[in-house]
1. On the given criteria, is Ala153 under 17 Å from the mean Cα position of the chain (by Cα) and in a helix (DSSP H, G or I)?
2. Return the residue satisfying two criteria in turn: it lies in segment 32-47 and is surrounded by fewer than 20 Cβ atoms within 10 Å (Cβ to Cβ) and closer than 23 Å to Asp76 by Cα, and of such residues it is modelled with the highest pLDDT.
3. Please count how many residues of segment 178-215 are at pLDDT below 95 and farther than 19 Å from Arg145 by Cβ.
4. Inspect segment 156-177 for any residue being surrounded by fewer than 14 Cβ atoms within 10 Å (Cβ to Cβ), at pLDDT 95 or above and not in a helix (DSSP H, G or I) and give the result as yes or no.
5. Mind listing whichever residues of segment 50-90 are within 15 Å of the chain's Cα centre (by Cα) and of a type in the set (Lys, Arg)?
6. Taking Glu102 as meeting all but one of (1) touching a Gly at 6+ places or on another chain (Cβ under 8 Å); (2) free of Cβ contacts under 8 Å to residues at least 40 places away in the same chain; (3) charged (D, E, K, R), write down the number of the exception.
7. Within the group Thr91, Thr85, which residue is assigned to a loop (DSSP other than H, G, I, E, B), open to solvent by 50 Å² or more (accessible area, probe 1.4 Å), polar (S, T, N, Q) and more than 30 Å from Glu224 (Cβ to Cβ)?
8. Take Leu119 and tell me if it is open to solvent by 50 Å² or more (accessible area, probe 1.4 Å) and either at pLDDT 95 or above or touching a strand residue (DSSP E or B) at 6+ places or on another chain (Cβ under 8 Å) (or both).
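The values are calculated or read from the model by the stated rules, or taken from the named source; none is laboratory data. Please read these numbers as outputs of a predicted model, since none were measured by experiment. Cβ coordinates were reconstructed from backbone atoms using ideal geometry, including for glycine residues, and neighbour counts include every protein chain displayed. The protein model used for the area step is the full one, side chains on, heavy atoms only, and it has no ligands, DNA or RNA in it. Shrake-Rupley method; radii C 1.70, N 1.55, O 1.52, S 1.80 Å.
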Amino acid sequence: MDIRAAARDRFGGRAADVMRRLNERHPWSHNEAFHAWIVTRLPDRRAEALDVGCGRGELLAVLAERFEHVRGLDVDAGMRQASRTRCAGLTNVTVDGADLAEVPAGVDLVTMVAVLHHLDLGSALEQVRRVLNPGGRFLCVGLARPESAADHAWDVASMVTNPIIGYVRHPWAAAAGSVPPPIPVRDPEVTLAEVRAVLDEAMPGARVRRHLGFRHTIDWTKPEE
């Protein structure tokens, strides 16, 4: 059972509308909130970073301060343009629409923020493992379809705390029209248990942790040869 859908059915559109208005009044980016998590887990070698699904380029700009070169990939032309605009003047940042399979090996960091569920899970993880240098890191902020009791409990906690976190992070009411255009979204189809199972095969030792904001994180370092 989908807790969010059940809440809408049980309490009706009025409760959902109240929650929506609260979130719009004090908006916060669930994805940008994890940039600090990424920055505190960077690899020792920092020559080349790759952000898959770079969106509006916020993470590219953060990584540009810490890596010799940062490359952003995005299949959406509008997002690529937004990234280029955001990173204008950052000479060590490039953005293109290449497929991950086209990226040559030799990368020290691969990041994905709310992107992995858009891709074929097994193939994407295989490509990440291929492109990473030994000692390189894969840092992923993901979404998964809730299935277990624990999944639904975290969903409830995320729904309840979402407006509270928004108020703490953005205490002043947002001005009308100040919210940037949304990035392309897709509902996740794979559960967290399924993600863990594939990771056990593709990236043994990967650390997976649940978070508020309907997110989980994956942290894996490619073994030294």
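1. For Ala153, the condition - under 17 Å from the mean Cα position of the chain (by Cα) and in a helix (DSSP H, G or I) - is not met.
2. His35
3. Number of matching residues: 6.
4. No: segment 156-177 contains no residue that is surrounded by fewer than 14 Cβ atoms within 10 Å (Cβ to Cβ), at pLDDT 95 or above and not in a helix (DSSP H, G or I).
5. Result: Arg56, single match.
6. So Glu102 meets the others, but not (1).
7. Working: Thr85 fails: assigned to a loop (DSSP other than H, G, I, E, B).
Just a single option satisfies the conditions, and that option is Thr91.
8. Numbers: open to solvent by 50 Å² or more (accessible area, probe 1.4 Å): yes; either at pLDDT 95 or above or touching a strand residue (DSSP E or B) at 6+ places or on another chain (Cβ under 8 Å) (or both): yes.
Considered against the rule, which asks whether it is open to solvent by 50 Å² or more (accessible area, probe 1.4 Å) and either at pLDDT 95 or above or touching a strand residue (DSSP E or B) at 6+ places or on another chain (Cβ under 8 Å) (or both), Leu119 comes out as yes.
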